[in-house]
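First comes the structure, then the notes that go with it.
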Amino acid sequence: MLLNTLSDLTPGARRCAWAAMSFAALLFCMPFVLCLLLNAGFLSLANEPLAYRFFYSERIFSGETLAVGVGYSISILHHVVYAGIHLFPAVADGALETRLDLFALTTNGLLSALLCAIFLLAMRSTRLRVIDLALLVLAAMMADYHFLNVVLCVATLFIFQQIWQRKEAVRGAEVILLGVFVGLAMANKITMLVVTGVILVPAVLTQSLSWREMSIRSVLAGTGLIVAFFAVHLASYLGSVSKMRAGCGPGGHLPQTQVRNRPSGTKYSVDFSQGTTTGFSSFSASAY
């Protein structure tokens with residue numbers, strides 16, 4: 001049964017498989033669902049990453065140049081969320097804590113929805129077997145400091161399963177897209193190259209191809225990877241090459257205490273305390 005695809009199962013077994021995948025998706029989304037239903041405040045739940053990420057977007061949009069170290073891919077999503085919530089004057093001019101909670105909820109909601117979309121594609125695939133779906137569930141249940149990395153690992157496994165199960169060779173354009181995916185993952189954390197890079201192996205190193213064809217595919221994948229990697233860094237600095245060079249260079253830094261202006265003109269001060277090498281364990285903020 002584990003080696004059968006969903007189409008080979010009986011209707012009852014298929015319903016059980018759908019129920020199991022739906023339950024796994026619900027477990028993955030449970031933190032977001034509980035925070036949404038219980039109106040939980042993220043200042044007490046996750047003040048370190050929330051402060052680190054929210055104020056990074058805040059300061060980038062205010063014109064500052066600084067380094068983030070890791071997480072450039074998630075920074076793009078954070079920039080989109082930040083810009084989106086500030087399109088509404090009632091939110092932009094409202095309490096800082098409200099904006100922080102909305103920023104965190106929206107980010108977690110989008111990542112949860114992305115994982116559910118991967119599960120849905122996996123369930124609709126005609127190539128994947130029951131054991132492949134079980135592996136996706138196990139990958140989704142793992143823990144990582146970076147939420148996006150979990151989604152990227154599940155997406156990597158899903159893509160690898162699709163390539164491994166297909167009979168025809170991967171086309172050149174698809175090799176470029178695979179390289180782009182690896183580049184996006186690397187921009188979030190450089191060590192993700194080890195995890196996501198495996199999808200390039202069956203796409204590039206195929207016995208049916210000649211050494212010349214494999215070399216061309218390697219160049220295509222590498223080109224997509226490099227372009228995507230630097231494009232993400234550039235986008236995280238809102239398209240400014242000079243700020244990207246300054247932020248990613250040896251002069252990039254993240255001061256522990258800053259006074260900055262919001263785009264709407266309202267000033268507030270943020271005092272970070274107990275600074276660590278990985279972020280800040282607590283902070284206090286006041287608007288005036």
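The values are calculated or read from the model by the stated rules, or taken from the named source; none is laboratory data. Every value quoted in this text rests on a predicted model; they were computed, and no experiment measured them. Neighbour counts run over all protein chains shown; Cβ positions are idealised from the backbone, glycine included.
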Residues in region 77-112 that are in contact with a Ser or Thr (Cβ under 6 Å, 6 or more places away or on another chain) and of a type in the set (A, V, I, L, M): how many? 2
Given the conditions (1) surrounded by 15 or more Cβ atoms within 10 Å (Cβ to Cβ); (2) under 30 Å from ARG15 (Cα atoms); (3) more than 21 Å from the chain's Cα centre (by Cα), report the number of the one that ARG124 does not fulfil. (1)
Given the options ALA51, ALA83, name the one that is out of contact with any Gly (no Cβ under 7 Å at 6 or more places or on another chain), in a helix (DSSP H, G or I) and farther than 25 Å from MET186 by Cβ. ALA51
Can you pull out the residues in region 185-220 that are under 16 Å from the mean Cα position of the chain (by Cα) and more than 30 Å from LEU234 (Cα to Cα)? none
Condition test on SER112, is it crowded, with 19+ Cβ neighbours inside 10 Å and not assigned by TED's automatic domain parsing to the domain that holds LEU205? yes
When THR156 is run through (1) touching a helix residue (DSSP H, G or I) at 6+ places or on another chain (Cβ under 8 Å); (2) at pLDDT below 95, the failure sits at (2)
In region 23-62, the residues that are modelled with pLDDT of 90 or more, exposed (fewer than 14 other Cβ atoms within 10 Å of the Cβ) and small (Gly, Ala, Ser): none
Scanning region 185-234 residue by residue, those in a loop (DSSP other than H, G, I, E, B), within 25 Å of GLY69 (Cβ to Cβ) and either assigned by TED's automatic domain parsing to the domain that holds GLN162 or not hydroxyl-bearing (Ser, Thr, Tyr) (or both) turn out to be LYS189, ILE190
Output yes when any residue across region 172-184 is more than 24 Å from the chain's Cα centre (by Cα) and either surrounded by 19 or more Cβ atoms within 10 Å (Cβ to Cβ) or part of a helix (DSSP H, G or I) (or both), and no when none is. yes
Pull out all pairs, ordered by first then second residue, where Cβ-Cβ is under 8 Å, the residues are six or more apart or on different chains, the first lies in region 6-34 and is closer than 17 Å to LEU128 by Cα, and the second is among the basic types (Lys, Arg). LEU6/ARG14
